[in-house]
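The structure appears right after this line, and notes come after that.
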Amino acid sequence: MSSGGSAGRAASMRGNAASRGNAAWRRVVGRRGGLAVAAVALALPVGLVAGQGTAVAAPGAGSGIRGGSTVPTVTATATLPDVNLKDFASRLIPGSVDDDHGVRLGGIGSDLYPAGRPNEFWTITDRGPNGQIKVDGKNRRTFPVPGFDPAILRVRVEGAAIKVLSAVPITTTPGKPVTGLSNIDGYDETPYAWDATTKLAFNPNGLDTEGLVRTRDGDFWVVDEYSPSLLRISATGKVLARYIPAGVKLTGSDYPVIASLPAILGSRKTNRGFEGVALAPDGRTLYLAVQSPLQVPDSDTGDASRNTRILRFDTASKKVTGEYVYRLQDVTTFDPSAEGDPSELKISSLAAVNDHTLLVDERTDPVARLYTVDLRKATNILGTKWDTATTSPSLESLADPASAGVTGLPKTLAVDLEAVPGMPDKIEGVAVLGPRSIAVANDNDFGLGTFDASGRLVDSGVKSRILLLRLNRPLG
């Protein structure tokens, strides 16, 4: 999720910042797709011990409370050390960033996925540093570092630090950086430079990556907020295919684009497309979360709605095979600081618990809670009238979908992150590590605060963090 909107309302951490530590780059360069691609690492102390397939802290590490059965115990908290964004980007794609305006590497918590070794994770950045500046009464989307290319990282939690083990830039099929810039004039936000006065060119290759899973053969499935879209990406970072809603006209991309997702998804709220993806234990079934209710029939209806959607996608047939209603909580009780605005609530991550249960990250900026949902007990609305934009009343208009014969996904509060002292704002990454253990990560929006008169960032001070949590009761 990009910065802007309510980010200014809740931009700081609830708790003391962890020690930054000292870090040094170690460069390991390889060749992928004609580009110099670097794996980067940070030399940091090791402090965790764990068994195979688990992620637990050594005795005495971390802190937490057990105020209730849904309140987890923090067993470790790790912070990403300060690294200049230009240095990071140049190690992946030399010359891609000429001026980072003082921005540091961040945004790596857009999602988490277990990497198969204790305390190691795949993470992904979003489209890069971006924000909103009001000009003549209207917000403009700014990209202070337009040359930034979204990247997939492999990281390890080591003591109080996040160590970057490797990083792969996301590139087009010919090997060019995709960038994070907006795609379609009139459909996406117009991109501007840091000062909100200089227009930037739209880029049909641009991606706002927000979630990932890794397959058994080493490829990745990634979701994007723009179209919204689902992407298959190779182990070396090349986009192999991008699936977008039918009817969305995305032309000029340097990779295959398949307009086969339900057309109704083209009515997504701007900057609120796909925000979560989960891979079922069968290794072939994906679940995709639309971050916010669709704007059907209009934006006022969508902003007031509590009904968003989760889709099922079969990676073998490359087809959507299911669609379910996820009903967001009542924002007035979920987060009183949201002042009753339903559009502040959103889905930010999905993780599979078993073949029929998903863990859903539902949040505002300062408040996050994780719910389990049972897919077996919900109505599959794929291909029904609810996928037609002219249906009246629309699904998004319904105060209670059950009144129209639609059973939404049954929800159970599983993990109350809001009750954990020191939990960062904007939790966007969730990984299931075992029946009683999970990891979560925040999106720090690259530390974006304000820019001084010379165009240098005045950092917000918010850091990228990963927390390992022990649950008081098993998931599912």
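The values are calculated or read from the model by the stated rules, or taken from the named source; none is laboratory data. None of the values given here were measured: they were computed from a predicted structure. In this analysis, Cβ positions are derived from the backbone assuming ideal geometry, glycine residues included, and neighbour counts consider all displayed protein chains.
Observations, loosely collected:
- Residue 97 being in a loop (DSSP other than H, G, I, E, B), touching a helix residue (DSSP H, G or I) at 6+ places or on another chain (Cβ under 6 Å), surrounded by 22 or more Cβ atoms within 10 Å (Cβ to Cβ) and at pLDDT 95 or above: yes
- Region 172-206: number of residues that are in contact with a strand residue (DSSP E or B) (Cβ under 7 Å, 6 or more places away or on another chain), crowded, with 24+ Cβ neighbours inside 10 Å and closer than 15 Å to residue 97 by Cβ: 2
- Taking region 235-251 as the range and being loosely packed, with under 15 Cβ neighbours inside 10 Å and more than 22 Å from residue 186 (Cβ to Cβ) as the test, the residues that pass are 235, 240.
- Criterion (over 27 Å from residue 443 (Cα atoms), charged (D, E, K, R), under 22 Å from the mean Cα position of the chain (by Cα) and surrounded by fewer than 17 Cβ atoms within 10 Å (Cβ to Cβ)) met by exactly one of 282, 254, 300, 314: 314
- Boolean, residue 348 is surrounded by 14 or more Cβ atoms within 10 Å (Cβ to Cβ) and assigned to a strand (DSSP E or B): yes
- Only residues that are surrounded by fewer than 24 Cβ atoms within 10 Å (Cβ to Cβ) and in contact with a helix residue (DSSP H, G or I) (Cβ under 9 Å, 6 or more places away or on another chain) were counted across region 103-144, and they come to 3.
- If you go through region 229-287 and keep only what is over 26 Å from residue 123 (Cβ atoms) and polar (S, T, N, Q), you end up with 251, 260, 267.
- Residue match in region 181-190 (condition: in a loop (DSSP other than H, G, I, E, B), of a type in the set (A, V, I, L, M, F, W, C) and over 19 Å from the mean Cα position of the chain (by Cα)): yes
- If only residues of region 257-269 that are in contact with a strand residue (DSSP E or B) (Cβ under 7 Å, 6 or more places away or on another chain) and in a loop (DSSP other than H, G, I, E, B) are counted, the one that is surrounded by the fewest Cβ atoms within 10 Å (Cβ to Cβ) is 262.
- The residue that is farthest from residue 214 (Cα to Cα), among those in region 117-136 that are more than 16 Å from the chain's Cα centre (by Cα), of a type outside the set (D, E, K, R) and at pLDDT 95 or above, is 135.
- Of all the residues in region 418-475, those that are among the polar types (S, T, N, Q), surrounded by fewer than 23 Cβ atoms within 10 Å (Cβ to Cβ) and closer than 19 Å to residue 119 by Cα number 1.
- The residues of region 270-279 that are of a type in the set (A, V, I, L, M, F, W, C) and surrounded by 24 or more Cβ atoms within 10 Å (Cβ to Cβ), listed by number, are 274, 277, 278.
- Condition check for residue 87: modelled with pLDDT of 95 or more and either surrounded by fewer than 19 Cβ atoms within 10 Å (Cβ to Cβ) or at positive phi (or both): yes
- Some residue of region 455-465 being without any contact (Cβ under 8 Å) to a residue 24 or more places away in the chain, out of contact with any strand residue (DSSP E or B) (no Cβ under 6 Å at 6 or more places or on another chain) and β-branched (Val, Ile, Thr): no
- The condition of being within 18 Å of residue 357 (Cα to Cα), charged (D, E, K, R) and touching a Ser or Thr at 6+ places or on another chain (Cβ under 7 Å) holds for only one of 465, 473, that being 473.
- Residue pairs meeting the criteria (Cβ under 6 Å; at least 6 apart or on separate chains; first at pLDDT 95 or above and among the hydroxyl-bearing types (Ser, Thr, Tyr), in region 376-397; second part of a loop (DSSP other than H, G, I, E, B) and surrounded by 12 or more Cβ atoms within 10 Å (Cβ to Cβ)): 379/406; 379/407; 394/296; 394/297
- Where a residue in region 151-167 is within 15 Å of residue 233 (Cα to Cα) and crowded, with 23+ Cβ neighbours inside 10 Å and its partner, wherever it lies, is modelled with pLDDT under 95 and hydrophobic (A, V, I, L, M, F, W, C), with Cβ under 8 Å and at least six apart: 167/38; 167/39; 167/40
- Considering residues of region 426-466 that are part of a loop (DSSP other than H, G, I, E, B) and of a type in the set (Ser, Thr, Tyr) only, the residue farthest from the chain's Cα centre (by Cα): 454
- On the stretch given as region 317-340, residues that are touching a Gly at 6+ places or on another chain (Cβ under 8 Å) and surrounded by fewer than 14 Cβ atoms within 10 Å (Cβ to Cβ) total 1.
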